[in-house]
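The values are calculated or read from the model by the stated rules, or taken from the named source; none is laboratory data. Everything numeric in this text was worked out from a predicted model, so none of it was measured. Quick reminder, even Gly has a Cβ in these numbers, built from the backbone with ideal geometry, and neighbours come from all protein chains shown.
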Amino acid sequence: MGERFLLRDLPKYESIEAHAAQCPELRPRAAQAWLELLRTGSDLLAVYDDMVRGYGLSQGRFTVLMLLSCDGEDGALPSALAERAGLSRAAMTGIIDALQSDGWIASEPNPEDRRSTRVWMTPEGVTRLDELLPGHFCRVAEVMSGLSASEQASLAELLGKLRLHLESTQPEPNRFDANQFDATRAETSRPVSESDPSGGTPADTTSAAAHKGDPR
């Protein structure tokens, strides 16, 4: 959320193989799949971000609404929502405040523990979400229509397998923090400076240098 994969011009497989000849640790197929996943995942997140912004929401707010829509009238505790969404509790507090201010959700003290609150969708929020979801799912189907139904199933299975592998071998990523996101967004949207007329970041420059002269 808020960050994009910066390399747009992906190297061809032959170029990756040429680098592998100089670096035995480089596995060409693994590197090719890695780059394609990062590039496509970044592009999909950008599409998703545009979609939810069209609803007057952010990714975080839309995610919380979808979670609450599954919880029904019982609602959920903010701490549980933060865990399920992969957000920090501070970020979840900001999201809940915004959704409540806009009439999407309501809250009251948790009857089981008065120190906490329970939140749920308002009737107005349920109606508004029901109205936008058909168009949302049509857009999802349109984006994924580049693959057949069987290819979509295979992709979901392979990505699920990779996700489980990551969960079992890699440290858990940090919870998303709203303050960090704001800082990142401010940095990535900075104006172009005279010393950097292309608007590129150091990572752009590094990527370009790494692939300059590679066979395409």
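Residues checked against (1) exposed (fewer than 15 other Cβ atoms within 10 Å of the Cβ); (2) small (Gly, Ala, Ser); (3) out of contact with any strand residue (DSSP E or B) (no Cβ under 6 Å at 6 or more places or on another chain):
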| position | (1), (2), (3) |
| --- | --- |
| Gly72 | yes, yes, yes |
| Ala98 | no, yes, yes |
| Pro123 | yes, no, yes |
| Gly135 | yes, yes, yes |
| Ala141 | yes, yes, yes |
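For the stretch 1-18, which residues satisfy the criterion of being in contact (Cβ under 8 Å) with a residue 40 or more places away in the chain and either in a helix (DSSP H, G or I) or not basic (Lys, Arg) (or both)? Steps first, please.
First pass over the stretch 1-18, keeping only residues in contact (Cβ under 8 Å) with a residue 40 or more places away in the chain: 1-4, 6-7, 9, 11-12, 14-15, 18.
Across the stretch 1-18, the qualifying residues are Met1, Gly2, Glu3, Leu6, Leu7, Asp9, Pro11, Glu14, Ser15, Ala18.
Right, Val119: closer than 16 Å to Met66 by Cα, of a type in the set (Val, Ile, Thr) and outside any helix (DSSP H, G or I) or not? Lay out the reasoning, then the answer.
Working: closer than 16 Å to Met66 by Cα: yes; of a type in the set (Val, Ile, Thr): yes; outside any helix (DSSP H, G or I): yes.
Answer is yes for this residue.
When you go through Leu44, Leu81 one by one, which is the residue that is in contact (Cβ under 8 Å) with a residue 12 or more places away in the chain, in a helix (DSSP H, G or I) and either of a type in the set (Asp, Glu) or under 30 Å from Thr122 (Cβ atoms) (or both)?
Answer to the selection: Leu81.
Taking the criterion of being in contact with a helix residue (DSSP H, G or I) (Cβ under 7 Å, 6 or more places away or on another chain) and part of a helix (DSSP H, G or I), would at least one residue in the stretch 99-109 satisfy it?
Keep residues of the stretch 99-109 that are in contact with a helix residue (DSSP H, G or I) (Cβ under 7 Å, 6 or more places away or on another chain), which gives 99, 103-107.
This time we only want the ones that are part of a helix (DSSP H, G or I), so: 99.
There is at least one residue in the stretch 99-109 that is in contact with a helix residue (DSSP H, G or I) (Cβ under 7 Å, 6 or more places away or on another chain) and part of a helix (DSSP H, G or I).
Go through the stretch 100-111 residue by residue and tally those that are touching a strand residue (DSSP E or B) at 6+ places or on another chain (Cβ under 8 Å) and modelled with pLDDT of 90 or more.
5
Report whether or not Leu129 is under 30 Å from Leu155 (Cα atoms), within 16 Å of the chain's Cα centre (by Cα), of a type in the set (A, V, I, L, M) and surrounded by 13 or more Cβ atoms within 10 Å (Cβ to Cβ).
no
Being of a type in the set (Val, Ile, Thr) and either assigned to a helix (DSSP H, G or I) or on the phi > 0 side of the Ramachandran plot (or both), is that true of even one residue in the stretch 131-142? Talk me through it step by step, then tell me what you get.
Keep residues of the stretch 131-142 that are of a type in the set (Val, Ile, Thr), which gives 140.
Subset that is either assigned to a helix (DSSP H, G or I) or on the phi > 0 side of the Ramachandran plot (or both): 140.
So far as the stretch 131-142 goes, yes, one or more of its residues are of a type in the set (Val, Ile, Thr) and either assigned to a helix (DSSP H, G or I) or on the phi > 0 side of the Ramachandran plot (or both).
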